[in-house]
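In what follows, a structure is listed as structure tokens, so that the remarks can point back to it.
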């Protein structure tokens, strides 16, 4: 029966999940630091007085991470659902990237050029391969925080534009990974099919085995084929011509 189900739940070993975890944590921190303070250029007017931007950014960041989790867990019975949820994660992070971009523009600045020294430095950071053993939840959290420290130079900056630019690059990297994941998921579906398809094939194979088995068994009294039947006491073989 195990061959009916795909492997699932391995999201904690994905670099995309590690980055999505960093993105969610740092978006929460970014919003607390920079979206609830008094706007320096507008006297006592709050930068985000109703908290709507705060809420939308934190929810988009959460959706990115949570849909990676849900897609991975659903992959055992539905590749289609896995791909859709992974795509939702990608869309949510894309929405969040737009918020960071507008934040930078609203400050009268431009996002870093990909050719700038800062952008290249952030892009050059490589993530370590996770080495989880048994304590997966604890170790994966520890791993994510360790990877976050590689970006600490920019994420801990007191300049919100620097932080926002670093987040743009981190999110962009996560988006590329998720795009590759969706392509790999589609390829796997083409090669092995989905749960429903495998279940149908299993049913057909079982019926064919039963028919072949019935064709080889003959009634000892009349010579007609026997059929497997069910009763309150369990399955049994009976003549196909019963009750005649």
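The values are calculated or read from the model by the stated rules, or taken from the named source; none is laboratory data. In this text the structure is predicted, and so the values were computed from the model without any measurement. Using ideal geometry, Cβ is built from the backbone for each residue, glycine included, and neighbour counts are taken over all protein chains shown.
Among the residues of region 105-119, those identified as touching a residue at least 12 places away in the same chain (Cβ under 8 Å) and surrounded by fewer than 20 Cβ atoms within 10 Å (Cβ to Cβ) are 107, 109, 111, 118, 119. The one condition from (1) at pLDDT below 95; (2) not in a loop (DSSP other than H, G, I, E, B) that residue 128 does not meet is (2). Within the group 42, 60, which residue is part of a loop (DSSP other than H, G, I, E, B), over 12 Å from the mean Cα position of the chain (by Cα) and either farther than 24 Å from residue 154 by Cβ or at pLDDT 95 or above (or both)? Selected residue: 42, the only one of 42, 60 that is part of a loop (DSSP other than H, G, I, E, B), over 12 Å from the mean Cα position of the chain (by Cα) and either farther than 24 Å from residue 154 by Cβ or at pLDDT 95 or above (or both). Listed by first and then second residue, the pairs linking a residue in region 52-64 that is touching a residue at least 40 places away in the same chain (Cβ under 8 Å) to a residue that is not in a helix (DSSP H, G or I), with Cβ atoms under 9 Å apart and 6 or more places separating them unless they lie on different chains, are 53/35; 53/47; 57/35.
Listed here are the residues, each with its yes/no results for (1) more than 30 Å from residue 81 (Cβ to Cβ); (2) at pLDDT below 60; (3) not in a strand (DSSP E or B).
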{"residue": "191", "(1), (2), (3)": "no, no, yes"}
{"residue": "201", "(1), (2), (3)": "no, yes, yes"}
{"residue": "205", "(1), (2), (3)": "no, yes, yes"}
{"residue": "210", "(1), (2), (3)": "yes, no, yes"}
{"residue": "222", "(1), (2), (3)": "yes, no, yes"}
{"residue": "228", "(1), (2), (3)": "yes, no, no"}
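On the stretch given as region 73-89, residues that are closer than 18 Å to residue 58 by Cβ and crowded, with 21+ Cβ neighbours inside 10 Å total 1. None of 92, 113, 72, 76 is at pLDDT below 95 and over 9 Å from the mean Cα position of the chain (by Cα) except 76.
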